[in-house]
1. Mind pulling the per residue volume of the convex hull built on the Cα atoms of the chain? Å³ is fine.
2. Rank 90, 120, 161 by how far each Cα sits towards the positive end of the charge dipole of region 2-208 (+1 on Lys, Arg Cβ; -1 on Asp, Glu Cβ) and give me just the farthest.
3. May I ask which residue of 207, 136, 13 lies farthest towards the positive end of the charge dipole of the chain, with charges of +1 (Lys, Arg) and -1 (Asp, Glu) on Cβ and the Cα centre as origin?
4. Quick check: net charge around residue 84, other residues with Cβ under 14 Å of its Cβ, Lys/Arg +1 and Asp/Glu -1?
5. Apply the Kirkwood formula to region 1-129: the hydrodynamic radius equals the inverse of the mean of 1/r over all pairs of different alpha-carbon atoms; give it in Å with one decimal.
6. Where does region 98-215 land on Rg(C-alpha)/(2.2 N^0.38 Å)?
7. Sort 202, 98, 83 so the one with the fewest other Cβ atoms within 10 Å of its own Cβ comes first.
8. Hey, can you grab everything whose amide H is under 5 Å from the amide H of residue 89? Only 5+ residues off in sequence or another chain; H modelled, so Pro and N-termini drop out.
Amino acid sequence: MYRRILASQEDKSVDFIAIGPLNNLSNLLNSNADEYSPLDGIALVKRKVQRLVLMAGIFNSSVEGLSELSKEETGKNVEDIAEFNAVCDIPAAQNVAEYWPTPKVYLGFEAGLIRTGKLLHTDVPENNPVRIAYRFYTEDGQRYSCDLLTVEYAIVKNCCHYKESGKGKVTFDDEGRTKWILDKNGLDCYVEWAQPSEKIAEDINNLLITPPRIK
């Protein structure tokens, strides 16, 4: 499916957003020429894709107290934490980190430690599907917002909630732990908060209760 869709797009016109395990993207990179394109997976991605934004890894944030919060949540120091999406398929995460040929922006575990969802239980109808999902799949009606923030960063241009680290290189070791090296020529960076977590949570909560626009 990815090959078919990419082959029909303009060059350098596609943004990928990854909010789960990276096996599908790894399989794309490993793919061979077919009826959709004479290019192999890496060459096809390089031609058609301009950026990959992914919820993966964990980083030593410059935001005060955030590394401590990560340790409180996991019981481990940042350098010892194996983030969930990477651990789900470590070889796939390693493959994407090493060989994906476009710029990559990582929103790490620590940047997702903002709890949202509380307004869904008071400010939208009971049959709202997002409210129902939060009721069934959370313990107290809220959850951390790793995926929500990744999507917002990717689709809201110059969103005031975020800033980017310097350029560098992300890799994952054989336990799924994140390795980050600063490199001005690197293709990678990671996302940090540019506003207080309370402000970001307020804005995301308001987005969650905003009625859909009907065209």
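Readers should treat all values here as calculations from the given coordinates under stated rules, not as data from a laboratory. The shown structure was predicted, so the numbers you read here are calculated from the model rather than taken from an experiment. Here the Cβ is made from the backbone with ideal geometry for all residues, glycine too, and neighbour counts use every protein chain on show.
1. 147
2. Ranked along the dipole, the leading option is 161.
3. 13
4. -3
5. One over the average 1/r among Cα pairs gives 16.8 Å for region 1-129.
6. Normalised by 2.2 N^0.38 Å, the Cα Rg of region 98-215 equals 1.25.
7. Listing 202, 98, 83 from fewest to most nearby Cβ atoms yields 98, 202, 83.
8. 22
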